[in-house]
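Notes follow once the structure below has been shown.
The values are calculated or read from the model by the stated rules, or taken from the named source; none is laboratory data. Just so we're clear, the structure is a prediction, and the values are computed from it rather than from any experiment. Methodologically, a virtual Cβ is constructed for each residue, glycine included, from the backbone with ideal geometry; neighbour enumeration extends over all protein chains shown.
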Amino acid sequence: MVKQRGMTAIYAAAHFAVDFACAYFMYRALGGAEARLTALLLYNFCAFALQMPFGVLTDRLGNGRVFSAAGCALVAFAAAFEELPLMLSIVAGTGNALFHIGGGRDVLATSGGKAGRLGAFVSPGAFGLFLGAYLSGRLPSAPVIAAMCVSAAVILAACPCVKAKRAGADQLPMSRGVRIKALLVLSAAFLAVCLRSYGGFLFSFDWKTGAWSWAFVMCVVLGKTLGGFACDRFGGALTAAASLTAGAVLFLLSKNPVAGCAAVLLFNMTMPLTLRIAADALPQDAGFSFGLLTFALFLGFLPTYLGLPAPGEEWVYAAICAVTLLFIFPALRGSRKA
Amino acid sequence: MNPFLRFLVLSLSISLGLTLAIEIIGALIAGKRGRALVIVLLVNVLTNPPAVLASVCITGLLFPLPAVEKLCILAIEAAVVCVEALVYRSWWEYFWHPWRLSLALNAASFVLGTLMQLLILF
């Protein structure tokens, strides 16, 4: 258990570093680039959508730490393409995807049905992205490249080798009923994540400047971390119901920065829960279920990217909370975490 | 493009492309197929960029002396052989002789890479 906690801590620290480096390189290269929008789409496609096929690969091969370390090395490699934004997007995005799927699969596969460690692994990324974007014009790139190489070395040296689960003779093939149930649970979790991702890109608050922007990001990070531990302590259903209902009410008051930050914290609490639900639906394919949900994140990014009308109003945020809850409940009912 | 960045992009891309091609062909000759080849690819993506970045930084920026440069390249190659062998060892079901395989593949890619460099230069 101590070994696995250590592994989660290393992956969480590396998650911060990788997302920091990706945001740092992207913002540095895309400052005034003409191909900014294309580069952004390419990056998000590689970083989020590619995790699904990579997830299938990690499930077959196991040993996610090598995928993660290779991802760190690729992100370091991306630094060389500072003046070729499209190449940088592809290389950094692919590196990011490899890192996430390797770490995510290993943490999911060793979390023993709990959600706490999933939240701890996932949450530092948001802060890394924020800080990387913030420091992109203020920091030389050499320390960032060095940090990526050190992250790769530490992951490889300190994280345990988590082998692929093989279908043994004692494991019966899934019956048709179980397969349909798993499909329904995954679909509900997938839709909940799509909607949460869409909400995340939609949120815009007048007060989100200066110190409040830092508070906002800290609430995202804290929400994801607390959500995992709350799910383990109080159960998924209670956590989802309480956090999303309270979140919806607070979003109605989100003109006030304190209420807005609290709403964002509560909104993010179901993040580790959806990961847990998906992993429980496909216990042999932790990597694929992780990748499937990151693909949902990519789909949630598209409406904002494509410039579809984005109603940035309080009642819309509250409605997103409520509808997310409507998707999470059937998923919970179908999974054994209810 | 900045000349140093151009050099870095070319070194990294050519080196990674060549290494992948040579090591995958080497692995095929060694009888590796399917998943084992994917692992060889992954391991090279892991070791090649840091190795090239380290050799460019150490030889070009820190010690621009030919003798030190050769020693540094040897040390980096040795580190790459060790890391790759250790990674192959963790997939023991696909790689029965990880140290031998790592040494053979890296030696092949080093020798062929150097030969190609010489052919291009002269």
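Some observations on this one:
- Condition met for residue A:152 (under 24 Å from residue B:86 (Cβ atoms), out of contact with any strand residue (DSSP E or B) (no Cβ under 7 Å at 6 or more places or on another chain) and free of Cβ contacts under 8 Å to residues at least 60 places away in the same chain): no
- Contact annotation: residue pairs with Cβ atoms under 6 Å, 6 or more positions apart or on different chains, pairing a residue in the range A:181-210 that is part of a loop (DSSP other than H, G, I, E, B) with a partner that is crowded, with 20+ Cβ neighbours inside 10 Å and among the hydrophobic types (A, V, I, L, M, F, W, C), are A:208/A:216.
- Qualifying positions in the range A:129-152 - outside any loop (DSSP other than H, G, I, E, B), away from chain B (no Cβ under 14 Å) and not small (Gly, Ala, Ser): A:129, A:130, A:131, A:134, A:135
- Among the residues of the range A:25-44, those identified as under 17 Å from residue A:137 (Cβ atoms) and not in a helix (DSSP H, G or I) are A:31, A:32, A:33.
- Residues in the range A:78-127 that are of a type in the set (Phe, Trp, Tyr), more than 17 Å from residue A:7 (Cβ to Cβ) and under 13 Å from the mean Cα position of the chain (by Cα): A:127 only.
- The residues of the range A:59-77 that are at negative phi and either free of Cβ contacts under 8 Å to residues at least 12 places away in the same chain or more than 17 Å from the chain's Cα centre (by Cα) (or both), listed by number, are A:59, A:60, A:61, A:65, A:66, A:69, A:70, A:73, A:74, A:75, A:76, A:77.
- Qualifying positions in the range B:34-88 - modelled with pLDDT of 90 or more and either in contact with a Lys or Arg (Cβ under 8 Å, 6 or more places away or on another chain) or of a type in the set (Lys, Arg) (or both): B:40
- Among the conditions (1) over 26 Å from residue A:177 (Cβ atoms); (2) without any contact (Cβ under 8 Å) to a residue 40 or more places away in the chain, the only one that residue A:326 does not satisfy is (1).
- Residue count for the range B:19-76, restricted to those that are part of a helix (DSSP H, G or I), small (Gly, Ala, Ser) and free of Cβ contacts under 8 Å to residues at least 24 places away in the same chain: 6
- Options B:101, B:18, B:5, B:53; residue that is among the aliphatic types (A, V, I, L, M), buried (at least 16 other Cβ atoms within 10 Å of the Cβ) and within 14 Å of another protein chain (Cβ to nearest Cβ): B:53
- Qualifying residue in the range B:114-122 (condition: crowded, with 17+ Cβ neighbours inside 10 Å and either acidic (Asp, Glu) or at negative phi (or both)): no
- Every residue from the range B:69-98 that is away from chain A (no Cβ under 14 Å), among the charged types (D, E, K, R) and either closer than 15 Å to residue B:23 by Cβ or surrounded by 17 or more Cβ atoms within 10 Å (Cβ to Cβ) (or both): B:77
- Neighbours by Cβ (under 9 Å, 6+ apart or cross-chain): first from the range A:31-53, on the phi > 0 side of the Ramachandran plot; second surrounded by fewer than 19 Cβ atoms within 10 Å (Cβ to Cβ) and modelled with pLDDT of 90 or more: none
- Test set (1) touching an Asp or Glu at 6+ places or on another chain (Cβ under 7 Å); (2) more than 14 Å from chain B (Cβ to nearest Cβ) - residue A:126 fails condition number: (1)
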